[in-house]
Amino acid sequence: MSRTQLIPGPDHPITVEPSTDSVTVTAGGTLVADTDKTLTLREASYPPVEYVPLAAVDPKVLQRSDTESYCPFKGSASYFDVVTDEGVIKDAAWTYEEPYDAVAPIAGHLAFYPDRVDISVDPAS
């Protein structure tokens, strides 16, 4: 199945930049990730998204889900549930394992839905 691939441009800009902020992700009382090595993806008029390196995420709380989605600018996304003592948070995070060239740096990173987990971003001092 052929999928349309679009290139970011003036009508739909996308940037990926290293962040100097400290990012902590928690679910209930469970620490999911804590890092100062995130990438900030800014896309068109959407809010910025912090992409956390997989190495900074506690692998014990991640469980791959069957959910997949497609973005013509970024590629195919796979999703993960976050599993804590309080329960399972369905599709709390996503990753582009083989993102398109325009956003290639986000490979090996996860992004989290801020309405499903708590994301704290503290500016570097």
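The values are calculated or read from the model by the stated rules, or taken from the named source; none is laboratory data. Note that the structure is a prediction, hence the values are computed from the model and not measured. So basically every Cβ, Gly included, is an ideal-geometry build from the backbone, and we count neighbours across all protein chains shown. With ligands, DNA and RNA removed, areas are computed over all heavy atoms of the protein, side chains included. Shrake-Rupley method; radii C 1.70, N 1.55, O 1.52, S 1.80 Å.
Observations, loosely collected:
- Ligands, DNA and RNA left out, the 1.4 Å accessible surface of the stretch 33-92 is 51% carbon and sulfur atoms.
- Net +/- balance of residues flanking ALA92 in space, Cβ distance below 13 Å, scoring K and R +1, D and E -1: -3
- In the complete set of protein chains, residue-level accessible area for SER2 is approximately 110 Å², probe 1.4 angstrom.
- Heavy-atom accessible area for ILE89, with the other protein chains in place and a 1.4 Å probe, reaches approximately 40 Å².
- Separation of the stretch 1-50 from the stretch 71-125 is 8 Å, based on Cα centroids.
- All Cα pairs of the chain, percent lying beyond 20 Å: 43
- Placed amide H near TYR100: partners under 5 Å, 5+ positions off or other chain: GLY75
- In the context of the full set of protein chains, residues of the chain present 57 Å² of accessible surface per residue (probe radius 1.4 Å, heavy atoms only).
- Proximity of backbone amide H atoms, modeled 1.01 Å from N, is registered between THR38 and SER19 at under 5 Å, excluding neighbours fewer than 5 places apart on the same chain.
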